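All remarks here apply to the structure that follows.
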Amino acid sequence: MSDHAPTQVQPAYADEADVAAEADFKPLSAEEARLWREKNPPLSPWRIVAWQLVVGVLATVLAWLLSGRVEVAGSVGYGALAVILPAAILARGLARQRSAAGAALAGFFVWELVKIALTVAMLLAAPKLVPHLSWLALLAGFVVATKVYWVAMWLHPARRRRRQEKI
C-alpha cells in the first residue's frame, strides 16, 4: 500500500498556466453575477444591423458622389445589402428563440448557416439583379458593411464606460 494520495492526471496538452488558472477559478455568486451583467450589458444584434444600414447608405451616397455613376452606387448598395439583410434575418431568428443554452447554441449555428447561404445566394444573383454591376464597388460595399461589427463592438457603451472608469 502506498502512502501517497492519488494525484489528478492532467491532459498532455495542459501547460502550467492552464493548470494554475483552473486551480484559481472561483465561480461567481448570484450577486456577483448580477453586478457583472449590469456592468457588461450585451450588445444587441439589432444595434449592429442598424449601424450596418447607416454605414451602407453612407457608402452608397459617397460612391455616387465620388463616381457620379448610379451603377457604382447601386453596386456598393447591393454589396452592403448582401451583409445587412442576412444579418437582420440572423438577429430575428436568434431573438425568437430564447431557450436553454444548448438549444440556443444549436439555433445560432442553424441561423448562421441560413445567413451564409443567403449571403452567397445574394452574391450569385447580383449580376442578374444589379444593372451594369461593378464587382469592385460591390466588394467595397460588402467589406464596409462587414467591418461595422468591429466598430459597433468598439463603440459599445459598456466598453466606453470601462475605459472612462480607468482614467
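Could you list, in sequence order, the residues of segment 13-43 that are part of a helix (DSSP H, G or I), modelled with pLDDT of 75 or more and more than 30 Å from Ala152 (Cα to Cα)?
None; the set is empty.
What are the residue pairs meeting all of these: first residue in segment 84-101, first residue more than 15 Å from Leu113 (Cα to Cα), second residue modelled with pLDDT under 75 and assigned to a helix (DSSP H, G or I), Cβ atoms under 9 Å, and 6 or more apart or on different chains? Partner pairs satisfying both residue conditions: Gln97/Ala103; Gln97/Ala104; Arg98/Ala104.
Of all residues in segment 28-64, those satisfying the criterion of being surrounded by fewer than 12 Cβ atoms within 10 Å (Cβ to Cβ) and in contact (Cβ under 8 Å) with a residue 24 or more places away in the chain are Lys39, Pro41.
Results for (1) among the aromatic types (Phe, Trp, Tyr); (2) surrounded by 13 or more Cβ atoms within 10 Å (Cβ to Cβ), shown as yes or no for each residue.
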{"residue": "Leu105", "(1), (2)": "no, no"}
{"residue": "Phe108", "(1), (2)": "yes, yes"}
{"residue": "Trp111", "(1), (2)": "yes, yes"}
{"residue": "Leu118", "(1), (2)": "no, yes"}
{"residue": "Leu123", "(1), (2)": "no, yes"}
{"residue": "Ala126", "(1), (2)": "no, yes"}
{"residue": "Val130", "(1), (2)": "no, yes"}
{"residue": "Leu136", "(1), (2)": "no, no"}
{"residue": "Ala140", "(1), (2)": "no, yes"}
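Arg98 satisfies every condition listed in (1) surrounded by fewer than 16 Cβ atoms within 10 Å (Cβ to Cβ); (2) in a loop (DSSP other than H, G, I, E, B); (3) at pLDDT 90 or above except (3). Condition first: within 18 Å of Leu43 (Cα to Cα), modelled with pLDDT under 90 and either of a type in the set (Phe, Trp, Tyr) or out of contact with any strand residue (DSSP E or B) (no Cβ under 8 Å at 6 or more places or on another chain) (or both). Can you find one or more residues in segment 126-149 that meet it? Looking through segment 126-149, at least one residue is within 18 Å of Leu43 (Cα to Cα), modelled with pLDDT under 90 and either of a type in the set (Phe, Trp, Tyr) or out of contact with any strand residue (DSSP E or B) (no Cβ under 8 Å at 6 or more places or on another chain) (or both).
The values are calculated or read from the model by the stated rules, or taken from the named source; none is laboratory data. As the structure is a prediction and not an experimental result, all values here were calculated from the model. All Cβ positions, glycine included, derive from the backbone under ideal geometry; neighbour counts span all protein chains shown.
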